[in-house]
Amino acid sequence: MRNPQLNRNGELTHLLTLDGLPRDIVTHILDTAETFAPLAEREVKKVPLLRGKSVFNLFFENSTRTRTTFEIAAKRLSADVYNLNINASSTSKGESLLDTISNLSAMQADLFVVRHSASGAPHLIAQHVAPHVHVVNAGDGWHAHPTQGLLDMFTIRHYKHDFTKLTVAIVGDVQHSRVARSDIHALTTLGVPEVRVIGPMTLLPGGLEQMGVRVFHDMREGLRDVDVVIMLRLQNERMRGALLPSPQEYYKQYGLTAEKLALAKPDAIVMHPGPMNRGVEIESSVADGPQAVILNQVTFGIAVRMAVMSIVAGSTND
Amino acid sequence: MRNPQLNRNGELTHLLTLDGLPRDIVTHILDTAETFAPLAEREVKKVPLLRGKSVFNLFFENSTRTRTTFEIAAKRLSADVYNLNINASSTSKGESLLDTISNLSAMQADLFVVRHSASGAPHLIAQHVAPHVHVVNAGDGWHAHPTQGLLDMFTIRHYKHDFTKLTVAIVGDVQHSRVARSDIHALTTLGVPEVRVIGPMTLLPGGLEQMGVRVFHDMREGLRDVDVVIMLRLQNERMRGALLPSPQEYYKQYGLTAEKLALAKPDAIVMHPGPMNRGVEIESSVADGPQAVILNQVTFGIAVRMAVMSIVAGSTND
Amino acid sequence: MRNPQLNRNGELTHLLTLDGLPRDIVTHILDTAETFAPLAEREVKKVPLLRGKSVFNLFFENSTRTRTTFEIAAKRLSADVYNLNINASSTSKGESLLDTISNLSAMQADLFVVRHSASGAPHLIAQHVAPHVHVVNAGDGWHAHPTQGLLDMFTIRHYKHDFTKLTVAIVGDVQHSRVARSDIHALTTLGVPEVRVIGPMTLLPGGLEQMGVRVFHDMREGLRDVDVVIMLRLQNERMRGALLPSPQEYYKQYGLTAEKLALAKPDAIVMHPGPMNRGVEIESSVADGPQAVILNQVTFGIAVRMAVMSIVAGSTND
């Protein structure tokens, strides 16, 4: 069975997940992003790679921030961008997801950026689009958020250069985090020898050890001598209810404070996918401190999304 | 009294309805669309005809799908496009429709694409805009949906070539369908010798015979030997209440099944304006079958809308 | 303490308020707008001044009309425009305003156009943005609406030429009007010798005399021999409740009728920021009459916003 993200020549034609994506393709994306990063400094921040192409942002789940980063990336590639809030549209008229997709394909779309609350929706769409359409997953359920995973890798490589010497800790609500899943797959693929996950038992999924990950419930222990700390957002809905005692208690045990960060290597970097809950999973002084590279992640994210879009749009998808 | 869609030279300056639109103008639109259709296959799908022009999508009634087709058409003509959801705006502040229109005209709009739940709203707007503004009706109440009618004609001509030899059947809820009205006017104008309408008495308007249309209540009878079947969407709100016994009963009598389609000519084409209710007005195997040209309609719709916009924007409107 | 709108060379780098803005800068904006006004008549209404720049419309308070005028101005300058309805986004996820702004800055924004219901929000944002980002206030609370003030000045100069010989009356709900505040500051700065404010005691703020303004409660007295009448919109919510007896009574006392307008100079012009409440603060025959320049204000507004955006984006902000 062929990887549904690759065409018959083994080139990336859709980006659906980092799970199983070959290392040379991940590296190729990061290298391509490297060429786009300097654009940010230029007067005119545009290249004509996708001129005349149509990029559709299909957001079945609202996310202004993520949608905007894709819109920026697409416009910097000179594409025409169409933002579709699909909830308000045809699906409310009883049309099926696949009929909606067929219709948009027939409008000669070149690229669908898909955010959906259901895990697997971008895969389903990729299987049904016309041969001229490419699909990029912008987050599906708890499953995957591959462009976030890639921009995290870009950030780590930018500051730490060599993946094969690193210890990376991911902290927080891994169970409900598509970012964590994408990061773990990418780190493993890129040869990071020690990937750690830190969190309370109620917020860690099963099967982490099989993914090659070391599990810690004690944050102080887990942070010891790491090079990279990736904090996860604690969704508001987790803060109440059975999974957690209280936000205060969570902060005490799993919030990244300056005192806990001191256990990591002195030059460790601190990452977060945003938006942050200051005082819940991260102390403000750390979020704004010299080790934080959180806003740099946002900047790099534009270059990484430009890389992904230009690579898939440049491939044939059969 | 002059046709409000034509300027003093008899050129199309607004597109409001297909009722009374001269045959040579309809044909000119279809011929122009023919020149845009090959763009879809090109690397860069753009032409500079409306460069620097401002197209305003004024959707007083929400329709992501239709709005998107106009947005694509306008951007392929290199126009700047502004999407205005008017409900949320000035009219909620108590401003009248015509004050809103005067204001937008004063922003130097070139073209208004208007969707409104009230029949006649685009006419009213066309009568009041400044001389430099053109109006295209994107659907008003039950009255007209002229670009849908034109793309249907484009589709029929593409597959059947000669209108003067055809039998065309329109099936379903004609009473509440602006698409049906626009199709009937266009088919008659283009010289189709037999236009049939098929539906239950409760969903057919009066006066159809005067429009030159043959009425059938028995679908099997009405489909016999037709060249073209145009299925209409059954609005959800019609499915309950007094007009129809039940969706199941409707499907049995007026749903397009493979078995009923077999009564049409063997090379008959099946059309639908979308979105479809599979299993209500059309069987899935027919919707996806070899005679269906439903997605081609969508593709042709872009070229037809480009044609309409470039023609009206190229005219003076007095 | 440096004016937060000016950089160290005294150039405009943010536009936050007209209060304290030097006269030569106001005049420079009006002169620059003068060069953009003829664009409206051209076939291609665009100039490449902001090509490749990213303008973000950050509307924390909904206003389709104002947002659209900025979007038009930005696109005519060839910028890429991103419309963000912030309510629906991160702030609903509990992220702070400043974290949202930091994030958007990190996406390499060049210009933020900010509308916010809280007075002072654009100042706060301007203090925190990265050095490459410029802020334009599109209306904050009751505080300021500087681009409306500037387009009003442009309109007055267009019709009356010399500010130093004018009597200008502002009529209505000054208390809740950011437009009135911006107009008063600009008129004073530009040397208008007599600025009058007309309204009921309940709708006038304290301190007007200290701003150099003459206060009238009798409209007939206040309009006598004025050159310019600026009518203010009466917000619906003021019409009920304790501040006003009734809309009818308000109209009788402070509505601009033809009869009251006759007390002004014969060539007086009538302005209104829109949207108008016909029959509440202005008689329809006056709104549509020969002295009204209300739609011209809208047209000039595009040129003025182009001027503001091109000036601030062309400055360094430190």
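A few comments on the model shown:
- Counting from the shortest, the label point at A:Gly10, 7 Å from Cα toward Cβ, is 6.7, 6.7 nm from the same position in each remaining copy.
- Per-residue mean of foreign Cβ neighbours for C:53-66 is 3 (Cβ atoms of other chains, 10 Å radius).
- Protein heavy-atom accessible surface, 1.4 Å probe, per residue over chain C: 36 Å².
- For A:Lys165, the aspartates and glutamates whose Cα comes closer than 16 Å to its Cα, not counting residues fewer than 8 places off in the same chain, are A:Glu194, A:Asp225, A:Asp227, A:Asp267.
- In nanometres and ascending order, the distances from the C:Leu98 label point to those of the other copies are 5.2, 5.2 (point 7 Å from Cα along Cα→Cβ).
- Note on A:Met201 and B:Thr35: their simple-model spin labels are 7.5 nm apart, each label 7 Å out from Cα toward Cβ.
- Shielding by other protein chains, B:99-105, mean Cβ within 10 Å: 5
- Note on A:Ser315 and A:Val44: the extension gain reaches 94.9 nm, defined as 0.36 nm multiplied by sequence separation minus the Cα-Cα distance.
- Applying the criteria of a DSSP loop state and at most 11 other Cβ atoms within 10 Å to the trypsin sites (Lys or Arg not before Pro) of region A:1-101 yields A:Arg2, A:Arg8, A:Arg42.
- Computed from label points 7 Å out along Cα-Cβ, the spacing between B:Ala130 and B:Glu194 is 5.3 nm.
- Within chain C, antiparallel bridges make up roughly 5 percent of the DSSP beta bridges whose residues both belong there.
- Based on Cα contacts under 8 Å between residues 6+ apart, region A:189-318 shows a relative contact order of 22 percent.
- For chain A: relative contact order, % (alpha-carbon pairs under 8 angstrom, 6 or more apart): 22
- Cα gyration tensor, chain C - rounded (a/c under 1.5), prolate or oblate: prolate
- Rounded to the nearest 20, the Cβ-based charge dipole of chain A about its Cα centre (Lys and Arg +1, Asp and Glu -1) stands at 360 debye.
- Taking the protein heavy atoms of region B:146-298 in the context of the full set of protein chains, the accessible area attributed to carbon and sulfur is 52 percent at 1.4 Å.
- Among C:206-212, C:68-74, the peptide with the highest mean count of other Cβ atoms within 10 Å heads the list, and the full ranking is C:68-74, C:206-212.
- This model, with +1 at the C-beta of Lys and Arg and -1 at the C-beta of Asp and Glu, gives region B:146-298 a dipole about its Cα centre of some 160 debye.
- Note on the protein assembly as shown: Kirkwood radius taken over Cα pairs, Stokes-Einstein applied at 37 °C and 0.692 mPa s, translational D equal to 107 µm² s⁻¹.
- Using a Förster distance of 25 Å, the FRET efficiency for C:Lys265-C:Glu209 (Cβ separation, nearest 0.05): 0.55
- Inter-chain neighbour count for A:266-275: the average number of beta-carbon atoms from partner chains within 10 Å of each residue's beta-carbon is 2.
- All Cα-Cα separations within region B:146-298 were binned at 10 Å from zero, giving a P(r) of 12, 47, 36, 5, 0, each value a whole percent of the pairs.
- Per-residue ellipticity at 222 nm from helix content only, as computed over the protein assembly as shown with -39500 (n - 2.57) for each DSSP H run of at least four residues, stands at -10500 deg cm²/dmol.
- For the listed peptides A:186-196, B:292-302, a ranking on the average number of other beta carbons within 10 Å per residue, highest first, reads B:292-302, A:186-196.
- Take B:Thr257, move 7 Å from Cα toward the beta carbon, and the resulting point lies 7.2, 7.2 nm from the same point in each other copy, nearest first.
- Between A and C, buried accessible area from a 1.4 angstrom probe totals roughly 2200 Å², ignoring ligands, DNA and RNA.
- Cα-centre dipole for region B:1-123 with unit charges at Cβ (Lys and Arg positive, Asp and Glu negative), debye to 20: 200
- Innermost chain B residue relative to the axis carrying B onto A, by Cβ distance in angstrom: B:Asn83, 5
- Listed residue pairs exceeding 24 Å between alpha carbons, taken from A:Lys75/A:Lys160; B:Lys160/B:Lys265; A:Lys45/C:Lys46: A:Lys75/A:Lys160
The values are calculated or read from the model by the stated rules, or taken from the named source; none is laboratory data. No experiment lies behind these values; they were computed from the predicted model shown. Note that each Cβ is placed from the backbone with ideal geometry, even for glycine, and that neighbours are counted across all protein chains shown. Ligands, DNA and RNA are excluded from the accessible area calculation, which covers all protein heavy atoms including side chains. Shrake-Rupley method; radii C 1.70, N 1.55, O 1.52, S 1.80 Å.
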